[in-house]
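Everything below concerns the one structure shown next.
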Amino acid sequence: MPGPYFFESKLRSLKSSKMSVMASVAIFSILGPLALLLVPAQQRSIFTFNSSQASAWPVQHYAQAPIIIGSKRPQGMGGEQVSVIGNFGGTFSISGIGSTSSSRSDELINITTNLPLTFLAANFTILYVGGAQANTAGSITYEMQLYAGTAASVGAPLTGAVGGTDNMFNNSGFSLSAGAIPANGQVVLRLSRTLNLTQYAEGANTYTASGIINLTIN
Amino acid sequence: MKKLLGIAGMAVLASAAFGQANLTTRVFTYDGTQATNGLSTFEVNNSTVYSAGTAGTSTSNSVTGASTTGASFAANTTINVLTYVYLNGNLGGTFTINGPGSNTDIERDNDCEVRSNRPLTFSTSAFTVLQTGGAAASTAGSVLYGMAVFTEYPAGSQVGSTQSGTDTGVNGKSIATTMSSLAADGKMTLRLSRTLTLTQLAEGATTYTASGTIALAIN
């Protein structure tokens, strides 16, 4: 059976440990905010301040779960990182005659993000030639879709495809939710065009069409 | 008695080179390269926003309204339609005539296939009276020519009216097609018709000739 001295010793040890914890909390309360002010702008916080967990943009641009809180952008935390690099334009050259459709031509645009995104088509037009409408010459059917991966290695679809012909493509879009962002944050936007020309598309003419893809960072 | 009349020397002048591609439809080439279309770059790194749009030789990639909440990317398309005109067929004709007297043949048609994505004009010139041995022989007979254009090949519905004339009387006639003249496949038929009339003076064992030119202009 343990004697009275044993219990007294344990109680003393417990009190000492509790004091130790309280002291730690007090020190952190004083130094924590000071340390937070010393964080360089390029570093990003994860949950609580941790200076060793620096994120080097753009080499590391991970969409880590703690950063994404629901669908809200983490205001004031730093680390909002979105990058879009690619070509949205397309140029066709057509020989021959008659009414024919091209095969689908894809533009793959590299995106890295740790935030939910929304893509929306706007201001897409019919064909024009010399500033005049030329919808009798043909039309373009657009399609847009997001995939995981990069242009060099397209992965699984993250959204369904949306599409439309000429100005009917306007208001087509989709959102990439926080939960759908791949672990490495790498996403590919596919913007596709299928050109349909009628026999009235005249040789030695240049037809144009324009439009905008709006990106919203949620 | 056998009479021979050869009509030769019909020529088609085209300002476009007839290549060997022999295209029967549209052939699409797509260029999605940065050099041709430019490049869009947009980056949000914390509160820092960077955006840039460069121009290619055909289209421009512009980034507008760049902020920490988004950006707009121009998605422009340029479509260069190249000229394609193709004409294939025989505009010459040879008659062989037996028997005596004055008589007129039925109309003989030469149909040529034309494929085009441009408006065209066909014009006649330098048509002659009958010739034999280098001399005019209009007393032996004449040729009534008709020139017409039809949609499709083989010939569908006629475009415009037939331009006709006898011997030199057909010179200076023309038919212009428009883009709306084209059928969905872009094909047309150029028809040159001949109706030969011989008098009793068209002598046996003699070859008569006539010539002329149909000029094609790509408008």
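None of the figures in this text is laboratory data; all of them are computed from the coordinates on show. All figures in this text were calculated on a predicted structure; none of them were measured in a lab. Virtual Cβ from ideal backbone geometry, glycine too; neighbours counted across all protein chains shown.
Condition check: under 25 Å from A:Asn196 (Cβ atoms) and hydrophobic (A, V, I, L, M, F, W, C). Does A:Ala148 satisfy that? Answer is no for this residue. Scanning segment B:42-78 for residues that are in a strand (DSSP E or B), β-branched (Val, Ile, Thr) and more than 7 Å from chain A (Cβ to nearest Cβ) yields B:Thr48, B:Val49, B:Val63, B:Thr64. Residues in segment A:78-120 that are under 16 Å from A:Val188 (Cα atoms) and without any contact (Cβ under 8 Å) to a residue 24 or more places away in the chain: A:Asn87, A:Gly89.
Selection of first residues in segment B:160-182 that are without any contact (Cβ under 8 Å) to a residue 40 or more places away in the chain and of second residues that are charged (D, E, K, R), restricted to Cβ pairs under 6 Å at least 6 apart or on distinct chains, gives the following pairs, ordered by first then second residue: B:Gln163/B:Lys173.
Of the residues screened, B:Lys187 is not one that is more than 19 Å from B:Arg118 (Cα to Cα), of a type in the set (D, E, K, R) and buried (at least 18 other Cβ atoms within 10 Å of the Cβ). Filtering segment A:183-218 to residues that are more than 7 Å from chain B (Cβ to nearest Cβ), surrounded by fewer than 22 Cβ atoms within 10 Å (Cβ to Cβ) and closer than 24 Å to A:Ser101 by Cβ leaves A:Arg190, A:Ser192, A:Thr194, A:Asn196, A:Thr198.
Could you tell me whether segment B:200-212 includes any residue that is more than 26 Å from B:Gly99 (Cβ to Cβ) and either in contact with a Gly (Cβ under 8 Å, 6 or more places away or on another chain) or part of a strand (DSSP E or B) (or both)? Yes - at least one qualifying residue is present in segment B:200-212. Looking only at residues of segment B:79-102 that are at the interface with chain A (Cβ under 7 Å from one of its Cβ atoms) and in contact (Cβ under 8 Å) with a residue 40 or more places away in the chain, we find that the one that is farthest from B:Ser58 (Cα to Cα) is B:Tyr84. Condition check: within 13 Å of chain B (Cβ to nearest Cβ) and among the small types (Gly, Ala, Ser). Does A:Ala180 satisfy that? For A:Ala180, the condition - within 13 Å of chain B (Cβ to nearest Cβ) and among the small types (Gly, Ala, Ser) - is not met.
Remark: pairs (first residue in segment A:195-218, on the phi > 0 side of the Ramachandran plot; second residue of a type in the set (D, E, K, R) and buried (at least 18 other Cβ atoms within 10 Å of the Cβ); Cβ separation under 7 Å; 6+ apart in sequence or on different chains) = A:Ala204/B:Arg118. Looking at segment A:153-208, the strands (runs of 3 or more DSSP E) lying wholly inside it that each contain 2 or more residues that are of a type in the set (D, E, K, R) and out of contact with any Cys (no Cβ under 9 Å at 6 or more places or on another chain) sit at A:186-197.
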